[in-house]
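Remarks on the structure that follows.
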Amino acid sequence: MSSPSTDRATPGREAEEVARIGLLGRGTVGGAFADLVADSAAEIEAAAGRPLELAGVLRRSEGDFEQILESSEIVVELIGGIDPARDYVLRALRAGRHVVTANKQLVARHGEELFETARENGVQLRFEAAVAGVVPVIRVIQESLAATEITKVFGIVNGTTNFILSEMAGTGASYAEALGRAQELGYAEADPSDDVGGADAAAKMAILARLAFHTDVALGDVSYEGITEIQPDDLAYAKELGLSLKLLGVAELIGEGISVRVFPCFLYRGHPLAPVEGPFNAVMVEAPSITEITMSGPGAGGVETATAVLGDVVSILAGEAPVHRLRRELGRVSEVSSSFYLHLEVADRPGVLARIADVLGRNEISVQSVVQRGLGDDARLVMVIHECAERRFESALAEIGELDFLRSPPRAIRVIEEEFV
């Protein structure tokens, strides 16, 4: 694939002179990107071999898309959402312009259409900032590990939820209090539902799964849960058990298929992701030839995202990018195994623990550890369950939920037992 920056001139500029950037959207990230272009001119020219300048900015009160397109070599889309972003990106690609975007929903939902359009027109589509902020996980997967058979990609890919969970664990704050703090600091949007509900992380994992396994992964293929039901006492008991809580995205090969999921998960202290706190992201990649590598860095914030966008722009000017071709079809695996944290509020009377143990035993589920606390006439039981088939655990949980001595619905959170020590 030849780059238009070296093979053909875009109208209104000389091929080897200033690289002109059309900026779509100038919100938090767009404004930070514009500032970086202005403030880092010398560093950009040294890395890219050419200086950059903004050819125009499109926002509600400013700019004309056609004029910006005509005068630009690279279009940077930071509008967000699907419409009109999809239309602008497709028009830019069809006009022979490279495109850089931070729009994870656009890439997750319409990635194959965008990749095919880029291939057909001999241009690059870059989207490092769509996943994990400034952490260069996409570049590592599609370039550094391009010839590696990756078996698993997993990690913390949403800085907002990681900040909230860190705040709850560190201060004892409720979910609502921690969310309010995240909004005050600019880590959470006024409407945080995509973040806290898991949809944002699901879109990112769809992108990572597609790149890692070279197979089509739609957003609908990703099952996801959020953090809105997490209680402070879950985190308090987790500390006693040596656990920390993260919203984890997991994409892995299982037999001849893949499983892509997002869920709250406890990790033991020896796990590389356990100490990642605040608005930080961290992604691990596993493969037989490399064992595992971990990448971490800021995952939330305008400047951090804009830095990743600028990195993509420099990469386009410095060379070629992969063409994102699909190589195989993989089925979707729904039968998976996990360990679990189980929280039960029960009547404090003889025989309760025995009946719970009977339910677990009949479902072939064993207990690793138990913490019991008296609460007057009631008691709280917190257990860590050894790895088992999730379907068996769900069946046992439903049966436990019908027991007459239960004071509230049982709460369960997955646990990863690996510690990498």
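The values are calculated or read from the model by the stated rules, or taken from the named source; none is laboratory data. Computed from a predicted model, the values in this text were never measured in an experiment. Don't worry about glycine lacking a Cβ; one is built from the backbone with ideal geometry, like all the others, and counts go over all protein chains shown. Heads up: the accessible areas ignore ligands, DNA and RNA and are worked out on the full protein's heavy atoms, side chains in. Shrake-Rupley method; radii C 1.70, N 1.55, O 1.52, S 1.80 Å.
Just one of the listed residues (E225, E149, E229, E177) is touching a Phe, Trp or Tyr at 6+ places or on another chain (Cβ under 6 Å) and farther than 22 Å from G297 by Cα, namely E225. Within the option set E149, E116, E112, being part of a helix (DSSP H, G or I), in contact (Cβ under 8 Å) with a residue 40 or more places away in the chain, open to solvent by 30 Å² or more (accessible area, probe 1.4 Å) and not hydrophobic (A, V, I, L, M, F, W, C) holds for one residue only, E112.
Once region 119-146 is narrowed to residues that are among the basic types (K, R) and in a helix (DSSP H, G or I), the residue that is nearest to A282 (Cα to Cα) is R139. Per the listing T228, T160, the residue uniquely surrounded by 17 or more Cβ atoms within 10 Å (Cβ to Cβ), under 18 Å from the mean Cα position of the chain (by Cα) and under 21 Å from V276 (Cα atoms) is T160. Residue-level check: of (1) outside any helix (DSSP H, G or I); (2) open to solvent by 10 Å² or more (accessible area, probe 1.4 Å), G220 misses just (1). Residue pairs whose Cβ atoms lie under 7 Å apart, sitting 6 or more positions apart in sequence or on different chains, and linking a residue in region 261-289 that is more than 24 Å from S144 (Cα to Cα) to a partner that is open to solvent by less than 10 Å² (accessible area, probe 1.4 Å) and among the aromatic types (F, W, Y), are F266/Y341. Close contacts from region 58-72, counting a first residue that is closer than 17 Å to A95 by Cα and in contact (Cβ under 8 Å) with a residue 40 or more places away in the chain and a second that is assigned to a helix (DSSP H, G or I) and hydroxyl-bearing (S, T, Y), with Cβ to Cβ under 9 Å and a gap of 6+ residues or different chains, come to F65/Y88; L69/Y88.
Residues that are open to solvent by 30 Å² or more (accessible area, probe 1.4 Å), of a type in the set (D, E) and not in a loop (DSSP other than H, G, I, E, B) within region 378-421 comprise D378, E387, E394, E399, listed in sequence order. Would you confirm, using the coordinates I've provided, whether K204 is open to solvent by less than 10 Å² (accessible area, probe 1.4 Å), basic (K, R), out of contact with any His (no Cβ under 7 Å at 6 or more places or on another chain) and under 30 Å from A146 (Cα atoms)? Against the criterion (open to solvent by less than 10 Å² (accessible area, probe 1.4 Å), basic (K, R), out of contact with any His (no Cβ under 7 Å at 6 or more places or on another chain) and under 30 Å from A146 (Cα atoms)), K204 does not qualify. For the subset of region 239-257 comprising residues that are over 25 Å from V371 (Cα atoms) and not in a strand (DSSP E or B), which member is most open to solvent (accessible area, probe 1.4 Å)? The residue in question is E256.
Scanning region 37-53 for residues that are among the hydrophobic types (A, V, I, L, M, F, W, C) and over 12 Å from V313 (Cα atoms) yields A38, A41, A42, A46. The set of residues from region 85-110 being over 18 Å from the mean Cα position of the chain (by Cα), within 21 Å of G311 (Cβ to Cβ) and basic (K, R) comprises just one member, R97. Evaluate the following for V370: is it exposed (fewer than 15 other Cβ atoms within 10 Å of the Cβ) and under 18 Å from F266 (Cα atoms)? Criteria met by V370. Scanning region 34-82 for residues that are in contact with a helix residue (DSSP H, G or I) (Cβ under 8 Å, 6 or more places away or on another chain) and β-branched (V, I, T), which turns out nearest to V100 (Cα to Cα)? Out of the qualifying residues, it is V76. Exactly one residue out of L381, L326, L330 is farther than 29 Å from D216 by Cβ and touching a residue at least 12 places away in the same chain (Cβ under 8 Å): that is L381. Within region 28-37, one or more residues are modelled with pLDDT of 50 or more, acidic (D, E) and within 32 Å of the chain's Cα centre (by Cα). For region 164-212, a residue qualifies if it is in contact with a strand residue (DSSP E or B) (Cβ under 6 Å, 6 or more places away or on another chain) and in a helix (DSSP H, G or I), and the qualifying residues are L165, A201, A202, M205, L208, A209, A212.
Would you be able to say whether some residue in region 125-146 is surrounded by fewer than 20 Cβ atoms within 10 Å (Cβ to Cβ) and of a type in the set (D, E, K, R)? The answer is yes; a qualifying residue exists.
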